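Read the structure below first, then the notes.
The values are calculated or read from the model by the stated rules, or taken from the named source; none is laboratory data. Not measured: the values here are computed from a predicted model. Reconstructed Cβ throughout: ideal geometry from the backbone, glycine too, with neighbour counts over all protein chains shown. For the accessible areas, the whole protein counts, side chains as well, though only heavy atoms, and no ligand, DNA or RNA atoms are used. Shrake-Rupley method; radii C 1.70, N 1.55, O 1.52, S 1.80 Å.
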Amino acid sequence: MTTIEANLLTVRQRIDHACKVAGRDVTQVTLLAVSKTFGSEAVRAAVSAGQPAFGENYVQEGVEKILALRELAPDAALSWHCIGPLQSNKTRLVAEHFDWVQSVDRLKIAQRLSEQRPANLPPLQVCLQVNVDGGANKSGVEPAELPALAEAVAQLPRLRLRGLMCIPEPAEGLAAQRVAFDRARELFDALNQSGLALDTLSMGMSDDLDAAIASGSTLVRVGRAIFGSRPPASS
Ligand SMILES: *Cc1c(COP(=O)(O)O)cnc(C)c1O
């Protein structure tokens, strides 16, 4: 068994356990393998171990891997999620190559993605990134501005609004971690009560996926616990 295969098993067991504790069905939680900074061979190892969905932060790097995996695993039905901050000059590449974008936090970016989504592809699946805890990580729409943004994005013809994504500041322990996740869940429920039909609440990473599942996450984004530690981010 490869390390990646063993790590995937461990992560799936964690998800299983967190679902049991929360009284949730394990089929309600999707595992997204975050492959940023790792090469195509690592992705292929995960594909061979049965993992179909991948998240990438850096658009150019992600597109290279999407194309490489078409050669390396031509029969696999993979889905690719863009989860990193998006600049206007990168929207076309995202619209042309990814299946999902989870990091939309302003209307202008959403409009560009909708205009640039090729007609021969299904609508681009979108989550709005929300800044649930006002953290130093300033990406994400402010909760007060979320309802208006969601209404506007839901109207765009080539996008399909699926839900919310958040990246809270790291916290120690389940109870502290759940504060921000519960807030995201409340925002998610409020949007659904207002008439949107959202099904995706993307929250939880290697260190806090258990808390996120307890708070209602439907998609956890896991990098290090699958692929190992990354070199420190350079900026
Ligand atoms: C890197 C990253 C992850 C994965 O984080 P790990 O701690 O490696 O599990 C998840 N979501 C986003 C948006 C990321 O940038």
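Taking θ as phi - 60°, what are the ³J(HN,Hα) couplings along region 78-84 by the Karplus curve (6.51, -1.76, 1.60), each to the nearest whole Hz, with x for Gly and Pro?
Per residue, the Karplus-derived 3J(HN,Hα) values read 9, 10, 10, 10, 8, 10, x Hz.
Any chance you could tell me what percent of the C-alpha pair distances in the chain go past 30 Å?
21
With r defined as the distance between the Cβ atoms of Gln111 and Glu61 and R0 fixed at 30 Å, what FRET efficiency is calculated, to the nearest 0.05?
0.75
For Met165, Met205, give the ranking by accessible area with the largest first, probe 1.4 Å.
Met205, Met165
What list of ³J(HN,Hα) values in whole Hz, one per residue of region 57-72 in order, does the Karplus curve 6.51 cos²θ - 1.76 cosθ + 1.60 (θ = phi - 60°) give from phi, with Gly and Pro shown as x?
Couplings: 8, 9, 4, 4, 4, x, 4, 4, 5, 4, 5, 5, 5, 5, 7, 6 Hz.
Could you work out how much longer the chain between Asp207 and Leu174 gets when fully extended? Use 0.36 nm per residue separation minus the Cα distance between them, nm to one decimal.
The span from Asp207 to Leu174 would gain 10.9 nm if fully extended.
I need the phi-derived Karplus couplings for region 186-196: 6.51 cos²θ - 1.76 cosθ + 1.60, θ = phi - 60°, integer Hz, Gly and Pro marked x.
Values per residue, Gly and Pro as x: 5, 5, 4, 4, 5, 5, 5, 5, 7, x, 7 Hz.
Within the chain, what whole-number % of the accessible surface is contributed by carbon and sulfur, with the 1.4 Å probe and all protein chains included in the calculation?
Percent of accessible area from carbon and sulfur atoms in the chain: 51.
Could you count how many Lys pairs in the chain have their Cα atoms under 24 Å apart, skipping same-chain pairs fewer than 8 positions apart?
Values: Lys36/Lys65; Lys36/Lys90; Lys36/Lys138; Lys65/Lys90; Lys90/Lys108; Lys90/Lys138; Lys108/Lys138.
Final tally of qualifying lysine pairs is 7.
For a quick check: with amide H placed at 1.01 Å from N, whose amide H comes under 5 Å from Val104's, ignoring anything fewer than 5 positions away on the same chain?
Cys127, Gln129
For Leu219, which sequence-distant residues (separation of 5 or more, or a different chain) have an amide H within less than 5 Å of its own amide H, given hydrogens modelled in the peptide plane?
Thr30, Leu201, Met203
Taking amide hydrogens as modeled 1.01 Å from N in the peptide plane, which residues meet the under 5 Å criterion relative to Lys36, leaving out close sequence neighbours?
Asn57
From the Cα trace of region 25-151, what convex hull volume per residue do you get, rounded to a whole Å³?
On the way: hull volume 17.4 nm³, N = 127.
It is 137 Å³ per residue.
Counting pairs of Cα atoms in region 122-235, how many percent are more than 21 Å apart?
Distances greater than 21 Å cover 38 percent of the Cα pairs.
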